[in-house]
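The values are calculated or read from the model by the stated rules, or taken from the named source; none is laboratory data. Source: prediction; values computed, not measured. Glycine also receives a Cβ, built like all others from the backbone with ideal geometry; neighbour counts cover every protein chain displayed. Side chains included, ligands, DNA and RNA excluded: accessible areas come from the protein's heavy atoms. Shrake-Rupley method; radii C 1.70, N 1.55, O 1.52, S 1.80 Å.
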Amino acid sequence: MQEKIKNFLKNNSLFLKLILGLVLISLVYWKIGFWSIIDTILSISIIFLVLYILLKVLSFFIGALNIAILLKPFNHKIKTRVILRYSMLSWAIGLFAPAKLGELSLVYFLHKKGISISKALIVFLIDKILTFIVLFFFGISAILLFVPQLFWL
(Lines give C-alpha, C1' and ligand atoms only; values in the text may rest on other atoms or scores of the structure.)
Protein backbone atom coordinates (compact mmCIF):
# COMPACT_ATOMS: atom_id res chain seq x y z
CA MET A 1 0.00 0.00 0.00
CA GLN A 2 2.77 2.43 0.89
CA GLU A 3 4.55 1.61 -2.34
CA LYS A 4 1.43 2.54 -4.35
CA ILE A 5 1.16 5.87 -2.53
CA LYS A 6 4.87 6.61 -3.12
CA ASN A 7 4.53 5.80 -6.82
CA PHE A 8 1.41 7.93 -7.11
CA LEU A 9 3.09 10.91 -5.42
CA LYS A 10 6.23 10.48 -7.50
CA ASN A 11 4.38 10.25 -10.81
CA ASN A 12 1.92 13.05 -10.07
CA SER A 13 4.05 15.48 -8.05
CA LEU A 14 3.74 18.33 -10.59
CA PHE A 15 -0.01 17.84 -10.78
CA LEU A 16 -0.32 17.83 -6.98
CA LYS A 17 1.82 20.99 -6.72
CA LEU A 18 -0.42 22.74 -9.24
CA ILE A 19 -3.56 21.70 -7.37
CA LEU A 20 -2.08 22.87 -4.04
CA GLY A 21 -1.06 26.19 -5.62
CA LEU A 22 -4.52 26.73 -7.08
CA VAL A 23 -6.14 25.91 -3.73
CA LEU A 24 -3.88 28.40 -1.91
CA ILE A 25 -4.53 31.14 -4.48
CA SER A 26 -8.26 30.45 -4.31
CA LEU A 27 -8.21 30.73 -0.52
CA VAL A 28 -6.42 34.07 -0.71
CA TYR A 29 -8.88 35.44 -3.28
CA TRP A 30 -11.84 34.13 -1.30
CA LYS A 31 -10.60 35.51 2.03
CA ILE A 32 -9.45 38.95 0.82
CA GLY A 33 -11.74 39.45 -2.13
CA PHE A 34 -11.06 39.26 -5.82
CA TRP A 35 -11.80 42.93 -6.64
CA SER A 36 -9.82 44.19 -3.67
CA ILE A 37 -6.74 42.36 -4.95
CA ILE A 38 -7.30 43.57 -8.53
CA ASP A 39 -7.68 47.19 -7.32
CA THR A 40 -4.45 46.91 -5.34
CA ILE A 41 -2.56 45.45 -8.31
CA LEU A 42 -3.84 48.18 -10.64
CA SER A 43 -2.85 50.92 -8.19
CA ILE A 44 0.82 49.88 -8.25
CA SER A 45 3.05 52.07 -10.40
CA ILE A 46 4.70 49.99 -13.11
CA ILE A 47 8.03 51.73 -12.48
CA PHE A 48 8.04 50.71 -8.82
CA LEU A 49 7.00 47.19 -9.74
CA VAL A 50 9.87 46.82 -12.22
CA LEU A 51 12.33 48.32 -9.72
CA TYR A 52 11.09 45.94 -7.01
CA ILE A 53 11.48 42.91 -9.27
CA LEU A 54 14.99 43.99 -10.30
CA LEU A 55 15.96 44.57 -6.67
CA LYS A 56 14.59 41.17 -5.65
CA VAL A 57 16.44 39.37 -8.46
CA LEU A 58 19.65 41.20 -7.53
CA SER A 59 19.13 40.30 -3.89
CA PHE A 60 18.68 36.61 -4.73
CA PHE A 61 21.74 36.62 -6.96
CA ILE A 62 23.95 38.32 -4.34
CA GLY A 63 22.67 35.90 -1.69
CA ALA A 64 23.56 32.93 -3.90
CA LEU A 65 27.02 34.40 -4.52
CA ASN A 66 27.48 34.82 -0.75
CA ILE A 67 26.66 31.16 -0.17
CA ALA A 68 28.95 30.09 -3.04
CA ILE A 69 31.83 32.16 -1.64
CA LEU A 70 31.29 30.78 1.86
CA LEU A 71 31.32 27.22 0.48
CA LYS A 72 34.69 27.71 -1.30
CA PRO A 73 36.88 26.85 1.73
CA PHE A 74 35.08 23.50 2.02
CA ASN A 75 36.05 22.62 -1.59
CA HIS A 76 32.51 21.90 -2.72
CA LYS A 77 31.76 22.50 -6.38
CA ILE A 78 28.14 23.57 -6.48
CA LYS A 79 27.12 25.84 -9.34
CA THR A 80 25.87 29.27 -8.38
CA ARG A 81 22.76 28.62 -10.45
CA VAL A 82 21.90 25.61 -8.25
CA ILE A 83 22.55 27.63 -5.09
CA LEU A 84 20.34 30.40 -6.50
CA ARG A 85 17.52 27.90 -7.07
CA TYR A 86 17.90 26.50 -3.55
CA SER A 87 18.04 30.00 -2.04
CA MET A 88 14.84 31.04 -3.78
CA LEU A 89 13.13 27.82 -2.77
CA SER A 90 14.16 28.17 0.87
CA TRP A 91 13.04 31.83 0.82
CA ALA A 92 9.64 30.73 -0.48
CA ILE A 93 9.37 28.09 2.25
CA GLY A 94 10.38 30.75 4.77
CA LEU A 95 7.40 32.88 3.75
CA PHE A 96 5.03 30.20 5.04
CA ALA A 97 6.97 29.02 8.08
CA PRO A 98 6.80 30.95 11.35
CA ALA A 99 9.67 33.37 11.96
CA LYS A 100 11.04 32.58 8.50
CA LEU A 101 12.45 29.32 9.84
CA GLY A 102 11.78 27.81 6.44
CA GLU A 103 14.96 29.47 5.22
CA LEU A 104 16.79 26.82 7.22
CA SER A 105 15.69 24.40 4.51
CA LEU A 106 18.75 25.70 2.63
CA VAL A 107 20.77 23.52 5.00
CA TYR A 108 18.76 20.50 3.83
CA PHE A 109 19.22 21.39 0.16
CA LEU A 110 22.97 21.84 0.62
CA HIS A 111 23.10 18.51 2.46
CA LYS A 112 21.36 16.95 -0.52
CA LYS A 113 24.29 18.14 -2.66
CA GLY A 114 26.83 16.33 -0.46
CA ILE A 115 27.69 18.96 2.14
CA SER A 116 27.54 17.82 5.75
CA ILE A 117 24.76 19.31 7.85
CA SER A 118 27.24 20.97 10.22
CA LYS A 119 29.10 22.70 7.37
CA ALA A 120 25.84 23.75 5.72
CA LEU A 121 24.56 25.13 9.02
CA ILE A 122 27.80 27.04 9.58
CA VAL A 123 27.60 28.56 6.08
CA PHE A 124 23.94 29.48 6.66
CA LEU A 125 24.63 31.12 10.03
CA ILE A 126 27.70 33.03 8.81
CA ASP A 127 25.67 34.30 5.85
CA LYS A 128 22.89 35.51 8.16
CA ILE A 129 25.35 37.14 10.58
CA LEU A 130 27.21 38.94 7.79
CA THR A 131 23.92 40.10 6.28
CA PHE A 132 22.85 41.46 9.66
CA ILE A 133 26.13 43.32 10.18
CA VAL A 134 26.04 44.90 6.71
CA LEU A 135 22.39 45.94 7.06
CA PHE A 136 23.05 47.28 10.56
CA PHE A 137 25.82 49.58 9.31
CA PHE A 138 23.76 50.69 6.32
CA GLY A 139 20.87 51.44 8.69
CA ILE A 140 23.04 53.43 11.10
CA SER A 141 24.56 55.33 8.18
CA ALA A 142 21.12 56.15 6.80
CA ILE A 143 19.92 57.36 10.19
CA LEU A 144 22.95 59.60 10.60
CA LEU A 145 22.59 60.92 7.06
CA PHE A 146 18.84 61.53 6.91
CA VAL A 147 17.75 62.27 10.48
CA PRO A 148 18.32 65.93 11.37
CA GLN A 149 20.90 66.81 13.99
CA LEU A 150 18.22 68.55 16.08
CA PHE A 151 16.51 65.22 16.64
CA TRP A 152 19.59 63.88 18.45
CA LEU A 153 19.68 66.82 20.84
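The table below gives the values:
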item: Selected from GLY21, GLY139, GLY94 as most flexible by GNM, with the chain as the system and alpha-carbon contacts under 10 Å; result: GLY21
item: For the chain, built as a Gaussian network whose Cα springs stay under 10 Å, the top-fluctuating residue of ILE47, ILE62, ILE25; result: ILE25
item: Relative contact order %, the stretch 88-149, counting alpha carbon pairs below 8 Å whose residues are six or more apart; result: 17 percent
item: Highest-MSF residue in the chain out of LEU49, LEU71, LEU121 [GNM, Cα springs under 10 Å]; result: LEU49
item: For the chain, size of Cβ-based charge dipole, Lys and Arg +1, Asp and Glu -1, in debye; result: 760 debye
item: Solvent-accessible area per residue, Å², over the chain with all protein chains present [probe radius 1.4 Å]; result: 82 Å²
item: Relative contact order (%) - criterion: Cα under 8 Å, at least six apart; region: the chain; result: 12 percent
item: Average projected area [Cα convex hull, the chain], square nanometres; result: 14.9 nm²
item: Whole-percent carbon and sulfur share, accessible surface of the stretch 70-138, 1.4 Å; result: 73 percent
